[in-house]
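Undergrad: Sending over a structure as structure tokens; questions will come in a sec.
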Amino acid sequence: MNSKQRKTERLAPWLLLFGVPFLCVGLGTLTFACLRWHTFFRARSWQPVAATIQQADLQEHPGSEGTTYSVEATYTYESKGRRYTSNRVDITGLSSGDQPFHWRRYQELKRHRDTGLPFTAYVNPQNPSESVLYRQADTSIYENLAIGAFGACVLCLAAWAIRKWNRIRTLSECDKSRLLLVRADWRQGCVRASMARYLLPSCIAAVGMIAVVSIFIIPWASAGAPVLAWLAIGLFLLIAALAVFRAAQRLATLLVYGTPVLYLSEVPVVPGRRVVAALRTARPLAADRWTLSLECFAWASSEGSGEDPRLTEVRRRLQAMPGRRPTVSGTTWYGQRVYCQEPSPLGDARSDHTGALMLPVALELPKGTPETALDPYFRITWALSAKARAFPLSFSASFELPVFAVPEDAIQKMDDAHR
């Protein structure tokens with residue numbers, strides 16, 4: 001364990017304690033938003049009645065982060081032969097910085113107060129004392145729901161990642177050969193496509209951009225922003241639309257084609273040995289022009305400005321391997337792509353009795369190939385990517401391969417099993 005890991009281990013309890021208030025705020029915000037949404041849907045069935053506006057005021061609430069506004073009103077109405085007085089203007093009853101929005105409401109209520117014209121209020125038929133003047137879902141409901149949902153998703157992802165990393169670290173320290181136990185499909189001699197791995201970042205980006213649009217874009221648009229601000233609004237809306245489209249496309253691919261499986265003739269994939277595999281689609285697929293890529297991705301937590309020595313050693317070893325393309329670069333969800341080769345299928349894809357396709361593939365990595373590393377501070381991921389042209393969506397899948405070196409006696413047992 002290097003100094004970076006030791007520092008993280010010492011800071012972990014304090015970081016957990018520091019995160020407790022944020023957990024409470026996130027859950028509280030989400031609960032508050034859900035309760036407001038419940039009231040909003042209940043109010044849709046409330047009955048309209050004629051109300052008389054007695055008083056209407058626009059209130060300003062100065063604060064450290066700026067001034068917020070709210071509308072206060074008092075009105076009377078009759079329901080089931082009884083007269084009631086209420087001061088509930090909208091569902092949330094909260095203030096916000098959208099001054100033009102509250103100003104329009106104030107002017108409308110003030111006009112009805114001055115002229116004496118009745119204003120439509122909405123009354124709960126089950127409890128006539130419960131009423132509201134505006135039952136629309138205002139921006140604060142969207143803001144609270146977006147913040148709460150995003151915070152809850154981040155907390156769930158963090159808890160899942162910490163649990164997974166702790167398990168991987170324990171297995172790495174005890175017995176490196178037991179890393180095959182981390183994934184159930186590896187234990188069964190196959191690899192399920194990492195569809196969720198590609199879908200997850202798209203969904204996070206889509207939710208994040210929707211939250212930004214809900215919290216900032218809606219108030220800006222209602223406030224009458226200048227031209228430059230409208231250009232920024234348009235840019236954010238475009239990015240949000242692209243993120244949502246990408247997430248929808250990947251979700252549609254998962255729903256249409258399911259999760260394909262790569263069956264391996266032996267597990268793990270040992271450097272220096274030829275492993276035959278078969279890619280099987282989950283559902284019938286009419287595809288052609290298959291493209292296969294066997295890629296290596298590396299990532300290391302940086303300490304200071306220099307590159308991690310382990311990552312430098314991986315690059316050096318991969319430089320001498322055949323099949324490396326000169327355009328291998330870039331950073332992905334797995335990390336930085338440092339190696340790539342294009343294996344050829346062993347034959348044409350054929351359909352089985354269920355209609356699913358079976359594509360035979362040969363995997364062969366030279367001796368000395370860096371092994372799969374699952375440590376949270378240093379990762380090496382080997383992945384086989386498969387793409388094919390199909391209708392209505394092009395097929396694409398990625399399989400994380402278990403690449404591990406094994407002792408000579410284990411290799412002898414593999415050879416005996418194949419005879």
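Undergrad: May I ask you to list pairs of residues, at least six apart or on different chains, whose Cβ atoms are under 7 Å apart, with the first in the range 234-249 being in contact (Cβ under 8 Å) with a residue 24 or more places away in the chain and the second being among the small types (Gly, Ala, Ser) and part of a helix (DSSP H, G or I)?
TA: Listed by first residue and then by second, the contacts come to Ala243/Ser202; Ala243/Ala205; Ala243/Ala206; Val244/Ala206; Arg246/Ser202; Ala247/Ser202; Ala247/Ala206.
Undergrad: Scan Arg325, Arg317, Arg280 and give me the residue that is charged (D, E, K, R), modelled with pLDDT of 80 or more and touching a strand residue (DSSP E or B) at 6+ places or on another chain (Cβ under 6 Å). Please lay out each step first, then the result.
TA: On the way: Arg325 fails: modelled with pLDDT of 80 or more; Arg317 fails: touching a strand residue (DSSP E or B) at 6+ places or on another chain (Cβ under 6 Å).
Every option except Arg280 fails the conditions.
Undergrad: Return the pairs, sorted by first residue and then second, in which the second residue is part of a strand (DSSP E or B) and not polar (S, T, N, Q), the first residue lies in the range 102-121 and is surrounded by fewer than 17 Cβ atoms within 10 Å (Cβ to Cβ), the beta carbons are less than 6 Å apart, and the residues are 6+ apart or on different chains.
TA: Pairs that qualify, where the first residue is surrounded by fewer than 17 Cβ atoms within 10 Å (Cβ to Cβ) and the partner is part of a strand (DSSP E or B) and not polar (S, T, N, Q), are Pro118/Ala50; Thr120/Pro48.
Undergrad: What tally of residues in the range 231-270 results from selecting those that are of a type outside the set (A, V, I, L, M), at pLDDT below 80, farther than 17 Å from Ser396 by Cα and crowded, with 17+ Cβ neighbours inside 10 Å?
TA: 0
The values are calculated or read from the model by the stated rules, or taken from the named source; none is laboratory data. Everything numeric in this text was worked out from a predicted model, so none of it was measured. Please note: Cβ atoms are built from the backbone with ideal geometry, for glycine as well, and neighbour counts cover all protein chains shown.
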